[in-house]
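Structure, as structure tokens:
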Amino acid sequence: MTLLDKEGVKRAEKSLKEFDQKQSVIILKSSARTALEAASSLDCEVGAIVKSLLFKAENTFILCLVAGDKKASLNKIKKELHIKDVSMASSDEVKKVTGFTIGGVSPIGHLNKIEILIDNSLKRFNSLFAAAGHPNCVFEINFNDLQKITNGSIKEIIEWNNQNYLIICY
């Protein structure tokens, strides 16, 4: 049995192939459980890794797709959704809602329909890599196709800090 035979990977691959027959799941020799591990395995920038983060938002769940070098902002997510309460989903909730375990949560192939927000900072990369249902499985996609395949809404949902600003001195 290979990783491509795992149920979660099959679901992600099915969604991927339905979108574009030429797409395929990449099996990594080492883990991609974190964005840093994935970037190391793929020899790419950490920001080109798509983190799929599930949040509990009052009576529903929201999947936020965020660049690997950024942090999701709970305040911005609340503002975008016009709600007062947002928190990270538990590992049990992630498994129940998406069908994936943390470290392999794919932006596609979920067990349940989930609203998806895509952070606009991902636009800066020509190629993105997202989990495909297992910590050692990913797929490559561009920003426009990521939006199309997930039907996600593009928003600014990351935290800003001093590193995000360019200071020009004269």
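Looking only at residues in the range 1-28 that are touching a residue at least 24 places away in the same chain (Cβ under 8 Å) and assigned to a loop (DSSP other than H, G, I, E, B), which one is surrounded by the most Cβ atoms within 10 Å (Cβ to Cβ)? Taking the candidates together, the pick is Val25.
Would you check which residues across the range 51-99 are open to solvent by 40 Å² or more (accessible area, probe 1.4 Å) and among the aromatic types (Phe, Trp, Tyr) and list them? Within the range 51-99, Phe61 is the sole residue that qualifies.
Looking at the range 93-106, can you tell me whether even one residue there is touching a helix residue (DSSP H, G or I) at 6+ places or on another chain (Cβ under 7 Å), in a loop (DSSP other than H, G, I, E, B) and farther than 23 Å from Ser30 by Cβ? Yes, because at least one residue in the range 93-106 is touching a helix residue (DSSP H, G or I) at 6+ places or on another chain (Cβ under 7 Å), in a loop (DSSP other than H, G, I, E, B) and farther than 23 Å from Ser30 by Cβ.
Can you pull out every residue in the range 29-38 that is out of contact with any Pro (no Cβ under 6 Å at 6 or more places or on another chain) and either hydrophobic (A, V, I, L, M, F, W, C) or loosely packed, with under 15 Cβ neighbours inside 10 Å (or both)? The answer is Lys29, Ser30, Ala35, Leu36, Ala38. Out of curiosity, is Asn112 under 19 Å from Ile154 (Cβ atoms) and surrounded by fewer than 18 Cβ atoms within 10 Å (Cβ to Cβ)? No.
Remark: pairs (first residue in the range 41-58, under 21 Å from Asn142 (Cα atoms); second residue outside any helix (DSSP H, G or I) and hydroxyl-bearing (Ser, Thr, Tyr); Cβ separation under 7 Å; 6+ apart in sequence or on different chains) = Ser41/Ser30; Ala48/Ser127; Ser52/Ser106. Taken together, the residues in the range 31-86 that are assigned to a loop (DSSP other than H, G, I, E, B), under 17 Å from the mean Cα position of the chain (by Cα) and among the polar types (S, T, N, Q) amount to 3.
The values are calculated or read from the model by the stated rules, or taken from the named source; none is laboratory data. Quantities reported herein were computed from a predicted structural model and do not represent experimental measurements. When we count neighbours, we look across all protein chains shown, and the Cβ atoms used for this are built from the backbone with ideal geometry, even at glycine. Side chains are part of the model used for accessible areas, which takes the heavy atoms of the whole protein and leaves out ligands, DNA and RNA. Shrake-Rupley method; radii C 1.70, N 1.55, O 1.52, S 1.80 Å.
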